[in-house]
Structures are given as structure tokens and as C-alpha cells.
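Have a look at the structure below before the remarks.
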Amino acid sequence: MTQRSDAPAVPLDVGAALPTMARGWSRSTLVDWCDLIDDGPFSSISCGERITFHNTEMLTTMGAAAGRCDRVRVLLNLAVGPWHHTALLAKQVATLDVITDGRVELGLGVGGRPQDFEALGVDWSYRHQRLDDQVAELRRWWAGDSVLDGAPPLGPPPVQPGGPPLYSGAMGPKATARAARWADGISWFDLSLDATEVTAAAGRAADAWADAGRKGRPHLKVACFVALGEGSTPTLRSFTENYLAIFGRRFAADTAATATLDDPSALTDALLGLADTGVVDEVILVPATVDPRCGELMANVVGALAPAR
């Protein structure tokens, strides 16, 4: 997409999630959005993971997206580690890395919904330590170690040496400190892409990296809900309230009322504001509708601001 001559180049990547959390998902939704994202100005394609919700399963969906998309990075944003058998997750992610010729990134978190753990028959306790242990095993097996003594190494070998980059979904100070020991960066969320809030989160992550003796700053991804097009304001608020309903209707309704990324100007301003901070590496736009027109309008905004790639 041609960049407007009067538009400043935004020095950050902007990815787009598949609208798996919106109502009305179908095969045509997958095909239309994969093509739109891969052909557009976006840097990555992604989706999230929930169990007791109407969304599609993440790894299956991203496998289909990996087969459809030839250019963008494939971001699992994010897998709830304690839900997964680690050896199987290692094999699934390595397979995606081979399919995409090394374009996979893996977000990992501990989950915040006990209901999903119960539905899977997975213990809620000690999940932070379990995730730390899983990361060590993923790294070891992707490096070629065997899962069992006397067994062949777990394959296929990832295209990316040592496996894909790992991003932590940590938000609190204790979880961020743990993530600083193993993650390449943080994959965060902010409903309105507020530059002050995102800058503060980036500062906390940078401090944790320094305290852990890590060189450089952590890479930072930040996701947000977006609705553009006809009826965008009620669409965004309804989507946000529905997504957060598990935490209580009052909280969900109050939070949804603060969702603001419902027109191109608001999204443009938010992206420019984050670009000015210099602390964000990638913004992930999560559409609140399966309507491809929303994706087209997202692409118009991002294409107008993106430096030529």
C-alpha cells in the first residue's frame, strides 16, 4: 500500500490478529483475513487461546494460517503453557517453524481464568514454576536433546537455531522478574494503547531485565482491541464486554466503556503516540469483528504510516 507523502513513518511494526474471538468465524473468515494480513502492511499474524469460549483452537488455527501466509511472522499470542504437554507443544511449535521457514514466535503465559484450567482437568496451582520448567525443556529439546534416554531427539529441528523467540505474557512485577530469566521480550495488552501506561510497563520490564543481568532491553509487543467501519463503537464495546465477562459483568461493562480504538483517527493517533515513545517494537491489532472491511480499514491506517518495507 502506498504511503501518503505527508504521513510520518512509524518506526514500529504493526501486526494483525485473526478475529477468532469475534462471533461469526468460518472458513471464509480464515481465508479472507489471512490473505488481507499477508498482502497488507502488517508484520505478523496471530491469535490467542481460550477454552471455555466460542473461539477456535489456537494451534490448529495458526497451522492453517501458516499454510496460507507466505510473508508475515506467525505469532502464537499466547499459549497458556501449563495447559499443554511440553513435549507435544515443542513438536507442534517446531513443526510450525518448519512450515513457515522460520517465521514463528511463541508467546507464553500462565493464564488468568481458573474455569479454563478446570475444563481441561489441569491444576491451577504452581503454574508459574511449571511454566519456568517448561521453557527450560522447550529450549533443551529444540537444541537437540532427547526427551527420553535412549530415544531419538524430538523433531523436527526448528529452522531458527535454538527454537523460536519466546515472549512472556507477564504483567505483574513478580511474573516480569521471572520472565526476565528466560524471555526474549514481553507481549502485553493495553485497551487504548495509552502511551503513558505502555511506557511505564516498558520501564518495569527493562528494570527486571537489568536486575536479572540481561544486556539490552526486552522486546515489547502490545496488543489492543480495534473496531473500524460502520457501527464500530457498539461493536468494540460489545466485543470487549463479552470477552471480559468471565471477570464479572460490572467490571466488563465498565472496562468496555473505556475502549476507544473505534475509528481510523483514534488508531492513527495511538500508533503515532507509541512510536514517539521509542519503547514498543510491535503493536498487535485485535479485530472485534470478522468483517473484512475492518481489516481493510486497519490496513489503510497502517499502510499510511508504515515506512516502505
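Selection of the stretch 161-188 for residues being without any contact (Cβ under 8 Å) to a residue 40 or more places away in the chain, surrounded by 18 or more Cβ atoms within 10 Å (Cβ to Cβ) and farther than 16 Å from residue 104 by Cα yields 176, 179, 180, 188. Considering only residues in the stretch 221-244 that are part of a helix (DSSP H, G or I) and among the charged types (D, E, K, R), the one that is surrounded by the fewest Cβ atoms within 10 Å (Cβ to Cβ) turns out to be 241.
Residue-by-condition table, conditions (1) of a type in the set (Gly, Ala, Ser); (2) more than 30 Å from residue 11 (Cβ to Cβ); (3) modelled with pLDDT under 95:
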| residue | (1), (2), (3) |
| --- | --- |
| 228 | no, no, no |
| 271 | no, no, no |
| 282 | no, no, no |
| 290 | no, yes, no |
| 301 | no, no, no |
| 306 | yes, no, yes |
| 309 | no, no, yes |
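Considering the stretch 245-299, and only residues there that are aliphatic (A, V, I, L, M), in a helix (DSSP H, G or I) and over 19 Å from the mean Cα position of the chain (by Cα), the residue that is farthest from residue 205 (Cα to Cα) turns out to be 297.
Quick one: is residue 213 without any contact (Cβ under 8 Å) to a residue 12 or more places away in the chain and either assigned to a loop (DSSP other than H, G, I, E, B) or under 22 Å from residue 55 (Cα atoms) (or both)? Judged against the criteria, residue 213 is a match. Answer with yes or no whether residue 275 is at pLDDT 95 or above and hydrophobic (A, V, I, L, M, F, W, C). No; evaluated as a whole, the condition is false for this residue.
Within the stretch 124-160, the residues that satisfy the criterion of being free of Cβ contacts under 8 Å to residues at least 12 places away in the same chain, in a loop (DSSP other than H, G, I, E, B) and out of contact with any Gly (no Cβ under 9 Å at 6 or more places or on another chain) are 125, 126, 145, 148, 149, 150, 151, 152.
Taking (1) within 16 Å of residue 167 (Cα to Cα); (2) of a type outside the set (Asp, Glu); (3) not in a helix (DSSP H, G or I) in turn, residue 51 satisfies each apart from (1). With the condition kept exactly as written, say whether any residue in the stretch 96-109 is outside any loop (DSSP other than H, G, I, E, B), of a type outside the set (Lys, Arg) and at pLDDT below 95. No, there is no match, as no residue in the stretch 96-109 is outside any loop (DSSP other than H, G, I, E, B), of a type outside the set (Lys, Arg) and at pLDDT below 95.
The values are calculated or read from the model by the stated rules, or taken from the named source; none is laboratory data. Since this is a predicted model, take the numbers as computed values, not measurements. Heads up, the Cβs are rebuilt from the backbone with ideal geometry, glycines too, and the neighbour counts pull from every protein chain shown.
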